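Participant: Would you mind keeping the following structure in view while I ask a few things?
The values are calculated or read from the model by the stated rules, or taken from the named source; none is laboratory data. Please read all numbers here as calculations on a predicted model, not as lab measurements. Cβ atoms come from the backbone with ideal geometry, glycine included; neighbour counts cover every protein chain shown.
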Amino acid sequence: MIHPIVSIAAFFVDQLSQAPVQVQCILPPNPDPGLKQWIPTAVSLLSVGIGLWIANRTIRNARELTEWSFRATSERDHERWILDQKKAEWGKLFTEFTEVKKEFLPIYKDEKTAQSFVDQWDEMEQRIDYIAMPFIFIAQKLIDIEFYQLWQGFKEKASKDNARISELIKNRLAKLMYGHTEGDPIQSIYCDLENEYIRIIVNMRLCAEEDLDIKSPAKS
């Protein structure tokens, strides 16, 4: 006689042997399924950020370069403008002084040359005083070479020599005392004044060469 429990066990074993066995593998759930989704977004944002940084850096460098170029160009333009103003003033000064010499202090020929200088001295003095007044860009250089002191010294000398020339011409001392000797006191006084005037022009020319950074042929 078979025990009932054994019969039941045998029945279940027989049923299990006849039924197909299905094995299903269940993967554990992803601990953070959203992490993979954010990786492309993070890469994109990083790329955009780097691009923006590069663009900003490029723009800033370009702006700094532009500003530097503008300042440099402005400074060069300003220096060139100053130089042009100096050239204009030096040119005006030399032109006026040369014209004054031709008109009031020409090369000596005879007593008439000296007499004409004496008669026009006041006009010549006023003319040069007016010429030297309006300069701005070369004013400091004129001060450096003591131009105004040189001109004042010339005026004082010319005033004294004018009186001497007038007296010589009036009394005809030149012809009476030196008519048959070498040299003429009137011519000597006049030429000395002429040379003094030329020395002032030479000093101005040397100053202008230095101010304008020009090398004269003799120095090169």
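One line per residue, one yes/no per condition, for (1) at pLDDT 90 or above; (2) within 28 Å of Pro185 (Cβ to Cβ); (3) in contact with a helix residue (DSSP H, G or I) (Cβ under 9 Å, 6 or more places away or on another chain); (4) assigned to a helix (DSSP H, G or I):
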{"site": "Arg63", "(1), (2), (3), (4)": "no, no, no, yes"}
{"site": "Arg76", "(1), (2), (3), (4)": "no, no, no, yes"}
{"site": "Glu79", "(1), (2), (3), (4)": "no, no, no, yes"}
{"site": "Val100", "(1), (2), (3), (4)": "yes, yes, yes, yes"}
{"site": "Lys109", "(1), (2), (3), (4)": "yes, yes, no, no"}
{"site": "Val118", "(1), (2), (3), (4)": "yes, yes, yes, yes"}
{"site": "Met124", "(1), (2), (3), (4)": "yes, yes, yes, yes"}
{"site": "Pro134", "(1), (2), (3), (4)": "no, no, yes, no"}
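Participant: For segment 136-173, enumerate the residues that are in a helix (DSSP H, G or I), surrounded by 12 or more Cβ atoms within 10 Å (Cβ to Cβ) and aliphatic (A, V, I, L, M).
Facilitator: Of everything in segment 136-173, those that are in a helix (DSSP H, G or I), surrounded by 12 or more Cβ atoms within 10 Å (Cβ to Cβ) and aliphatic (A, V, I, L, M) turn out to be Ala139, Leu142, Leu150, Ala158, Ile165, Leu168, Ile169, Leu173.
Participant: Right, here's the next one. So Phe94 fits all but one of (1) crowded, with 17+ Cβ neighbours inside 10 Å; (2) touching a Lys or Arg at 6+ places or on another chain (Cβ under 9 Å); (3) touching a residue at least 60 places away in the same chain (Cβ under 8 Å); what number is the exception?
Facilitator: (1)
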